[in-house]
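Here's the structure, in structure tokens; my notes come after.
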Amino acid sequence: TSLDVRENTALTELHCDNNKLTVLDVSKNTDLKTLYCNSNHLTFLDLQGLNDLSDVYVGGQTRDGIVLLQSGGAYVLDLGAFIPEEGFDKVSGLAGQAGGTTLPAAYTPTSGKARFTTKPDKVTYEYNTGKTDGGNPVKMDVALTVTGVTVDYTIQVTVSGHGRVTRQGSTDPLSGDVTVSAGSNVTFV
């Protein structure tokens with residue numbers, strides 16, 4: 001389920017396919033020529049700067065147990081839960097599946113969030129690893145299985161008279177709709 005090769009800087013070949021790795025950091029392995037990491041649970045993989053890498057298989061990646069957020073009549077997947085912000089714009093072809101039907105997604109690379117109008121059972125996308133093979137980008141196919149949905153609630157804050165409302169620990173005044181996720185606590189002052 002985990003593999004740390006950051007200290008193995010002279011590594012030239014790595015075969016770690018068919019495991020349950022969710023993270024693989026090969027940024028320090030600049031001598032790497034061969035990498036087989038297909039069939040794991042990776043959601044992103046950065047291969048930029050690995051100039052000697054010539055034999056690479058990133059293959060199908062799957063991740064189970066993803067929870068969507070139901071908010072404002074839509075189902076939202078936040079890729080920020082497992083992709084660093086600098087990788088949001090490397091995602092392409094994001095779509096959902098429900099009962100064999102393809103569901104389009106409105107994906108915003110600046111936030112890493114995808115919105116669906118119908119709850120998907122599975123979400124798929126391609127992740128550009130930053131490496132090319134014969135001039136073509138090496139992309140990793142990722143499939144995420146959805147197992148649950150949490151709900152957002154909206155609390156409308158109104159102020160009468162000369163008072164103000166803030167979140168506890170903050171001095172920023174609130175007004176209008178404030179979103180609170182199910183299972184979380186918010187204290188207003």
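The values are calculated or read from the model by the stated rules, or taken from the named source; none is laboratory data. These numbers come from a predicted model, not from an experiment. Cβ atoms come from the backbone with ideal geometry, glycine included; neighbour counts cover every protein chain shown. Areas reflect the complete protein model, heavy atoms only, side chains present, ligands, DNA and RNA absent. Shrake-Rupley method; radii C 1.70, N 1.55, O 1.52, S 1.80 Å.
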### Task
Over the range 1-78, give the accessible area per residue in Å² for a 1.4 Å probe, as an integer.
52 Å²
### Task
Check each of the trypsin sites (Lys or Arg not before Pro) in the range 137-168 and keep only those in coil by DSSP with at most 14 other C-beta atoms within 10 angstrom; list them in order.
Arg164
### Task
With a point put 7 Å past each Cα toward its Cβ, work out how far Val180 is from Ser111 in nm, to one decimal.
2.1 nm
### Query
From the backbone phi of the range 15-28, what are the Karplus-calculated ³J(HN,Hα) couplings (6.51 cos²θ - 1.76 cosθ + 1.60, θ = phi - 60°) in whole Hz, Gly and Pro given as x?
10, 9, 6, 6, 10, 10, 5, 9, 9, 9, 9, 10, 5, 8
### Task
Choose one of Gly100, Thr179, Gly80: the residue whose Cα lies farthest towards the positive end of the charge dipole of the range 47-189 (beta-carbon charges +1 Lys, Arg; -1 Asp, Glu; about the Cα centre).
Thr179
#### Entry: Alpha carbon centroid spacing (whole Å) that separates the range 73-132 from the range 1-51
23 Å
### Query
To the nearest 0.05, what FRET efficiency results for Asp89 and Val23 with a Förster distance of 22 Å applied to their C-beta separation?
0.65
### Task
Over 21 Å between C-alpha atoms is what I'm after, so list which of Lys20/Lys113; Lys33/Lys139; Lys28/Lys131 land there.
Lys20/Lys113
### Task
About the Cα centre of the range 113-160, how large is the charge dipole given +1 on each Lys and Arg Cβ and -1 on each Asp and Glu Cβ? Please answer in debye to the nearest 20.
80 debye
#### Entry: From the C-alpha gyration tensor of the chain, square roots of 5λ in Å
39, 20, 14
### Query
Carbon and sulfur: what percent of the chain's accessible surface (1.4 Å probe)?
45 percent
### Query
So what is the orientation-averaged projected area of the range 14-107, using the convex hull of its C-alpha atoms, in nm²?
7.4 nm²
